[in-house]
Every structure is written in C-alpha cells, then in structure tokens.
Amino acid sequence: MKGRGRARGKGTARGMLRGKSKRMAKRMAKGLAEGIRARYGGSLAHLVLVLCSFALTGYAGLRLLQGDTLGVVVWFVGAALLHDLVFLPLYTVTDRAVQRLFRKRRIRGTASRSRPVAGRINYVRVPACLALLLLLVWYPLVLGRVPGFSGYTGLPADVFWGRWLLITAVLFALSAACLLVAVWRARPRRPAVREARLKGPGRTNPDEPR
C-alpha cells in the first residue's frame, strides 16, 4: 500500500511538473510571437514567408545573371522605368475613373434606401489585374511575337489571343457573380419580416411588454 501511495505521489508530481513546463513553454512562445509582432509588425509565419520569398528571388536573380548579365540588368531597369513612367499613371487614372463611377452609383443607392456594398471597386480591380498580369507575362505569345513557337508545340500562333480573351471574360464573369451575391446579401429586408420579428409569437404590438 505504501509503495502504491508513493508511486501515485510521484506520478502526480510528474504530472504537475509537466503541466508547469507546458504552461511555461506556451508563455515563452506567446511572448516571442508578441515581441516579433511588436518589432516586425506581423506574425512569425509572415516573417518566415517573406524571408523565403527573398531567398527564392535572390536565387532566381543569381541564376539569371549567370547568362547575359548586361541584358538582364537593362531589362530590369527598363521594366522599372516603363512601370513608373507609363503603367503607373495609366492604371492610376483608370482606377480613379472607375472609383468615381462607383461613387456616383453608391450615392444613388443610398438615395434609394439600399445598403451599398463595400469595396465594389475590387470586383473590377482583381480580374483586371489578373488579366493584365497574364498579358504581361505571356505577351510574346498573345501578340504573336514568337515566330518559331508553333513548330515546337504544333499549335497555331493565333490561338493564344483568343484564349487570353476567354480567360479575361471568365475572370470578369466570376467577379460579376461575386458582386451579385454581395449585392443580394446587402439588399434591404422586407418590412413585414421586420415587424414579425419585432412582434414575436403571440404579440400584436411591438411596444407591449413581454
């Protein structure tokens, strides 16, 4: 009996020590995460992903620079200048114009007592950005600037333009469907349903006490 009591006491002490060590480990992990978030501004997972993306970018840059180094540097500088001097003003003006259009429709929707859907401009931004990104990456094929490509794949050179237009149409259609769902969820409720909910079962006047 004494041996069993001692074994139980040792097991209880070990369990208490394990519980304390687990609580201390959780506190240390929580303090570390809070310290990283306070200094870095994000979570530990975000920091790890950013470091991995930097490492992958550096590896890709080193592999690119092993070939035509001068051509790669000129391409990067030209792409940066083209983006800052041409593309950035172009899509900024376009984005402002679309924002004004949605703002006018939002004012009309407020006047008609309908709740506006927040972030409607994003339903245009996302498919447009994806379509332009695809065009930017695959523009030699889309615009037919690769003469010998059909000899490698057996595909005609003019098929990529139609496929890019089809992908763009699908993206905008999906975005429009998401917008319709958001508008449907933000529609005003019927007055009869509100009155029935206010009255409740067995109540004729919403001001009467329950």
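All of the numbers you see were taken from the coordinates with simple rules; none came from a lab. This is a predicted model, so every value here is computed, not measured. Here Cβ is always computed from backbone atoms with ideal geometry, including for glycine, and neighbour counts include all displayed protein chains.
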Please work out the FRET efficiency for the pair V50 and L155, using the Cβ-Cβ distance as r and a Förster radius of 30 Å; give the result to the nearest 0.05. 0.20
Phi to ³J(HN,Hα) by Karplus 6.51 cos²θ - 1.76 cosθ + 1.60 over the range 41-56, Hz, x for Gly, Pro: x, x, 7, 5, 5, 5, 4, 5, 5, 5, 5, 5, 5, 5, 5, 5
In the range 163-178, whose amide N lies under 19 Å from the spot 7 Å out along Cα-to-Cβ of I121? List them in ranges. 175-176
Extended-chain gain in nm, criterion 0.36 nm per residue less alpha-carbon gap, A29 and Y139: 34.8 nm
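Test of understanding: what is the full-extension gain from V73 to R39, defined as 0.36 nm times their sequence separation minus their Cα-Cα distance?
That works out to 8.8 nm of additional length.
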